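Asker: Pasting a structure below so you can have a look.
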Amino acid sequence: MSDVMHLMQGAPPTPNRQVTVANWRGPGVCRWSFSHVRQLLPTAPMPPAANMKALPETRRDLSGLTVDDAGTGLADFLRANATDAFVVLHRGRLVHEWYGGWGAPDRQHIIFSISKSLTALLVGVLVGEGVLDPDQPVTHYLPETGGSAYEGATLRHVLDMTVASAFSEEYLDEDGIFMAYRRAAAWNPPEEGASSEGLRSFLARLPASDGAHGERFHYCSPHSDLLGWIVERVAGDNFAALMSRHLMRPAGIATEAYITLDTFGAPRVAGGICLTAPDLARLGEMVRCGGAASARQVVPEAWITDMQTHDTRAAWLAQADGPRHFPDGCYRSKWYQTGLADGEFCGIGIHGQWLWINPAREVVIVHLASQDAPSDPDNRPALIEMLRATSRALG
């Protein structure tokens, strides 16, 4: 057993095996914590559907599938990329699954920014019910945000990450606005002698930039936390209950999911959802099927179609440093359009989380990992090629 696999062993664990709120996302340590978030942070449950059956199966052993030009086999690739769970569906049937680290089919894993993609599906449901209007100003729903970066922004700007804000998404920041954000979300302990201001207070004073809303894609995780606040305000219930009622249970998740909370009970919508890999695959299959699951329309089909096809490339290409992903793609309602030949689209989270949907080949792939680096641009092409190679092997 490696040193990493000895984490949190003992009563109490020795200091070098102890995982805390201060170190839980650190190299090596994250191998344990990403599969045990509930033991570290306050959370709210999202109950599953009742009496769900296991996914139907048509098993294939893809372990030796060549996934790159060097001849690397799939299982070797997954091991080398700190993969915790890898699940492949073809036409709604479980074809292949693989687990490493603390990953297991019934263990929830944090999905980081794929949480944003799932939240936008909930927004789509509420838009379809007439509860939300994408063209309404943010201040219509949250007057408290007047004078912040959200002044003059619409819900659509928030969904598409085109709010003109001065927030900087620097994952390794130790003392700037991103660290202040993580402390507000209770993902890091407060500074010594200070108390947390909480997410809502942080959002209400998010700084604006000198640009105009709608002109440039600017990735900013707090916008998704703002969505959670809007949803709770308008729908009159807590976010976890709304996600369970409108999305998780109708889509048929089999195991309870959960979301992290700040010290005031506000949900970390931008990245705090934790669920099992098979259940994330079920949600992906619902999206692949135009928002339908078990003959029930869960998310309006028009919302899914718009998410897959609406052209936002002008704002995407206007990014300050150019696109981080998919130069021929774009971003709509918190999902990435890849611009690739099969019309693939996806949700992506830091540290190696991917929900990959290939509509042409009827494939859904979930990759959950605990990679040491939050983002590794050099490794991203290889991971995308692995997802594409797996899809090609099935259809």
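Asker: Among Gln319, Gln371, Gln337, Gln353, which is the only one that is polar (S, T, N, Q) and out of contact with any Phe, Trp or Tyr (no Cβ under 9 Å at 6 or more places or on another chain)?
Answerer: Result of the check over Gln319, Gln371, Gln337, Gln353: Gln371.
Asker: Which residue is farthest from Gly271 (Cα to Cα), if the candidates are limited to region 91-109 and must be part of a strand (DSSP E or B) and not basic (Lys, Arg)?
Answerer: Val95
Asker: If you don't mind, another one. Of all the residues that make up region 217-226, how many are closer than 15 Å to Ser148 by Cα and either crowded, with 24+ Cβ neighbours inside 10 Å or of a type in the set (Phe, Trp, Tyr) (or both)?
Answerer: Qualifying residue count for the region: 4.
Residues checked against (1) of a type in the set (Val, Ile, Thr); (2) out of contact with any strand residue (DSSP E or B) (no Cβ under 6 Å at 6 or more places or on another chain):
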| site | (1), (2) |
| --- | --- |
| Leu7 | no, yes |
| Arg59 | no, yes |
| Leu62 | no, no |
| Val67 | yes, yes |
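Asker: In this structure, is Ala251 small (Gly, Ala, Ser), surrounded by fewer than 24 Cβ atoms within 10 Å (Cβ to Cβ), in contact with a helix residue (DSSP H, G or I) (Cβ under 7 Å, 6 or more places away or on another chain) and in contact (Cβ under 8 Å) with a residue 12 or more places away in the chain?
Answerer: no
Asker: Follow-up. Can you find a residue in region 208-218 that is in contact with a strand residue (DSSP E or B) (Cβ under 7 Å, 6 or more places away or on another chain), farther than 22 Å from Gly272 by Cβ and in a loop (DSSP other than H, G, I, E, B)?
Answerer: Checked against the condition, which is being in contact with a strand residue (DSSP E or B) (Cβ under 7 Å, 6 or more places away or on another chain), farther than 22 Å from Gly272 by Cβ and in a loop (DSSP other than H, G, I, E, B), region 208-218 yields at least one hit.
Asker: Looking only at region 295-341, count every residue that is assigned to a loop (DSSP other than H, G, I, E, B) and either touching a Lys or Arg at 6+ places or on another chain (Cβ under 8 Å) or within 25 Å of Phe112 (Cβ to Cβ) (or both) and tell me the total.
Answerer: 21
Asker: Continuing with this model, one more query. Among the residues of region 263-286, how many are within 21 Å of Trp32 (Cα to Cα) and charged (D, E, K, R)?
Answerer: The number of residues fulfilling the criteria is 2.
Asker: How about region 27-55: which of its residues are surrounded by 13 or more Cβ atoms within 10 Å (Cβ to Cβ) and among the small types (Gly, Ala, Ser)?
Answerer: Residues satisfying the conditions are Gly28, Ser33, Ser35, Ala44, Ala49.
Asker: I've got another one for you. Filtering region 349-360 down to residues that are in contact with a strand residue (DSSP E or B) (Cβ under 6 Å, 6 or more places away or on another chain) and among the hydrophobic types (A, V, I, L, M, F, W, C), which residue is farthest from Ser221 (Cα to Cα)?
Answerer: Looking at residues that are in contact with a strand residue (DSSP E or B) (Cβ under 6 Å, 6 or more places away or on another chain) and among the hydrophobic types (A, V, I, L, M, F, W, C), I get Ile357.
Asker: What do you reckon, is Ala318 touching a residue at least 60 places away in the same chain (Cβ under 8 Å), among the small types (Gly, Ala, Ser) and surrounded by 15 or more Cβ atoms within 10 Å (Cβ to Cβ)?
Answerer: Judged against the criteria, Ala318 is a match.
Asker: Further, regarding this structure: So if I check each of Thr58, Thr119, Thr66, Thr43, which one is within 18 Å of Val366 (Cβ to Cβ), touching a residue at least 60 places away in the same chain (Cβ under 8 Å) and among the polar types (S, T, N, Q)?
Answerer: Thr119
Asker: Could you say whether any residue in region 137-148 is polar (S, T, N, Q) and either part of a loop (DSSP other than H, G, I, E, B) or within 22 Å of the chain's Cα centre (by Cα) (or both)?
Answerer: Among the residues of region 137-148, at least one is polar (S, T, N, Q) and either part of a loop (DSSP other than H, G, I, E, B) or within 22 Å of the chain's Cα centre (by Cα) (or both), which makes the answer yes.
Asker: Can you tell me which residue in region 110-133 is farthest from His36 (Cα to Cα), limited to those that are of a type in the set (Val, Ile, Thr) and in a loop (DSSP other than H, G, I, E, B)?
Answerer: For region 110-133, the residue satisfying everything is Val131.
Asker: If Val19 satisfies every condition in (1) free of Cβ contacts under 8 Å to residues at least 24 places away in the same chain; (2) of a type in the set (Val, Ile, Thr); (3) in a strand (DSSP E or B) but one, which is the exception?
Answerer: Val19 satisfies all of (1) free of Cβ contacts under 8 Å to residues at least 24 places away in the same chain; (2) of a type in the set (Val, Ile, Thr); (3) in a strand (DSSP E or B) except (3).
Asker: Considering only region 145-168, how many residues are under 14 Å from Pro222 (Cβ atoms) and either surrounded by fewer than 19 Cβ atoms within 10 Å (Cβ to Cβ) or among the aliphatic types (A, V, I, L, M) (or both)?
Answerer: Number of matching residues: 9.
No lab work stands behind these numbers, since they all come straight from the coordinates. These figures come from a predicted structure and were not determined experimentally. Virtual Cβ from ideal backbone geometry, glycine too; neighbours counted across all protein chains shown.
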